[in-house]
Amino acid sequence: MNITLALGGGGAKGNAHIGVIRRLEKEGYKICSVAGTSFGGLVAIFYALGLTPDEIEEIFTSTDQGNLYTRDSNDGPSLLGFVGVRKLLDSVLGEKTFHDLKIPCAVTAVDAKTGREVVISEGRLSHGVLATIALPGIFPPLQMDEWELMDGGVLNPVPVSVARMLSPDLPIVAVVLNDPLDIPVRTYTIPVPSIFPKQITDRIHSLHVAQAFDIFMRAVDLNSRAVAHYRLQVDAPDVIVRPNVHHLDLLDKVVVKDVAMLGEIAVEKVLPELKKATSWSNRISKTIFGGRA
């Protein structure tokens, strides 16, 4: 039962991807390729490199979430930085490139200069991650050749089209982390390094810049929901998995194991659809009737 995955963006919600992959493997599905956007791109690259879901979960669990987004002189124009993220990528990916991957993988980004989607499937893996997770205005864009790359979720929150490019003949399982359009938008707070005492953290959160951050992040959230909704209608994956992560924000500190479990539960709910989508009769029907099962 061969499939390809499209892992959507969602920040901390993306830990649910770990559970999705783990449950798919337990059910006997072979993931032959994987595309990812934003946090989904990070998980996609780790998995394509040969790391198991348990190993990815351990890496994320041992990561200091409180200091992932501190800034230094290497960070460009942005509210937050990638000091902790770069340390994580250096320890796991090092100098590895897309040629080191065990299965085909691609991640998405957007060129801030031209407004075009950029599919990254070559070069250093760490550069692919830093490009696809660069939420505009919040994290620094990545300069790569003539491009100024930012988060792929701006144009393609769930990269079904890229998964189809990687494996045109396989059923596509799309993992969607965006909230549905009818769920109220949550408030956002600026992540503050854990070294600061509570009184300083509270003061930072009361500043005008923190309130502006909240409004901007709500706008990003709403835009991502809408783009994901309409693109899923057009790109039409075979199966959609929606982990119940709507109570989480993009930059929340989370218990990785608990969020991963939500991914496993979501797969349980769509097992009948998965079985139908991967059946020979369904695949033959799609071939004959041009995508209409």
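The values are calculated or read from the model by the stated rules, or taken from the named source; none is laboratory data. Given the structure is predicted, the values throughout are model-derived calculations rather than measurements. FYI the Cβ positions are ideal-geometry reconstructions off the backbone, even for glycines, and counts take in every protein chain you see. Surface accessibility is based on the protein's heavy atoms, side chains included, excluding ligands, DNA and RNA. Shrake-Rupley method; radii C 1.70, N 1.55, O 1.52, S 1.80 Å.
Name the pairs: first residue in the range 7-21 and farther than 13 Å from Val267 by Cα and in contact (Cβ under 8 Å) with a residue 12 or more places away in the chain, second residue among the charged types (D, E, K, R) and in a loop (DSSP other than H, G, I, E, B), Cβ to Cβ under 6 Å, at least 6 apart or on different chains?
Ala12/Asp252
Under 18 Å from the mean Cα position of the chain (by Cα), at pLDDT 95 or above and not hydrophobic (A, V, I, L, M, F, W, C) - does that describe any residue in the range 69-81?
no
Using the structure shown, decide if Ile45 is open to solvent by less than 10 Å² (accessible area, probe 1.4 Å), more than 11 Å from Val175 (Cβ to Cβ) and aliphatic (A, V, I, L, M).
Working: open to solvent by less than 10 Å² (accessible area, probe 1.4 Å): yes; more than 11 Å from Val175 (Cβ to Cβ): yes; aliphatic (A, V, I, L, M): yes.
It is true that Ile45 is open to solvent by less than 10 Å² (accessible area, probe 1.4 Å), more than 11 Å from Val175 (Cβ to Cβ) and aliphatic (A, V, I, L, M).
So is Pro104 more than 15 Å from Thr132 (Cβ to Cβ) and open to solvent by less than 30 Å² (accessible area, probe 1.4 Å) or not? So that I can check it myself, show each step before the final result.
Details: more than 15 Å from Thr132 (Cβ to Cβ): yes; open to solvent by less than 30 Å² (accessible area, probe 1.4 Å): no.
So Pro104 fails the test.
Go through the range 68-88 residue by residue and tally those that are among the acidic types (Asp, Glu), more than 17 Å from His127 (Cα to Cα) and open to solvent by less than 30 Å² (accessible area, probe 1.4 Å). Quick ask: steps written out before the conclusion?
Looking only at the range 68-88, we keep the residues that are among the acidic types (Asp, Glu), and these are 72, 75.
So of that shortlist, the ones also more than 17 Å from His127 (Cα to Cα) come out as 72.
Subsequent filtering for residues that are open to solvent by less than 30 Å² (accessible area, probe 1.4 Å) retains none.
Residues in the range 68-88 being among the acidic types (Asp, Glu), more than 17 Å from His127 (Cα to Cα) and open to solvent by less than 30 Å² (accessible area, probe 1.4 Å): 0 in total.
Conditions (1) within 22 Å of Val110 (Cβ to Cβ); (2) of a type in the set (A, V, I, L, M, F, W, C); (3) surrounded by fewer than 24 Cβ atoms within 10 Å (Cβ to Cβ), marked per residue:
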residue: Gly8; (1), (2), (3): yes, no, no
residue: Ile18; (1), (2), (3): no, yes, no
residue: Arg23; (1), (2), (3): no, no, yes
residue: Glu27; (1), (2), (3): no, no, yes
residue: Thr37; (1), (2), (3): yes, no, no
residue: Gly40; (1), (2), (3): yes, no, no
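Restricting the search to the range 181-239, which residues are at pLDDT 70 or above, outside any helix (DSSP H, G or I) and open to solvent by less than 70 Å² (accessible area, probe 1.4 Å)?
Ile183, Val185, Ala236, Pro237, Asp238, Val239
Please indicate, with yes or no, whether at least one residue in the range 253-264 is modelled with pLDDT under 95 and closer than 20 Å to Ser38 by Cα. Before you say what the answer is, go through the steps one by one.
Initially, the range 253-264 is screened for residues modelled with pLDDT under 95, giving 253-254.
In the following step, the residues that additionally are closer than 20 Å to Ser38 by Cα were identified as 253-254.
Scanning the range 253-264 turns up at least one residue that is modelled with pLDDT under 95 and closer than 20 Å to Ser38 by Cα.
Regarding Leu135, is this residue free of Cβ contacts under 8 Å to residues at least 60 places away in the same chain and open to solvent by less than 60 Å² (accessible area, probe 1.4 Å)? Reasoning before the result, please.
Details: free of Cβ contacts under 8 Å to residues at least 60 places away in the same chain: no; open to solvent by less than 60 Å² (accessible area, probe 1.4 Å): yes.
In short, no.
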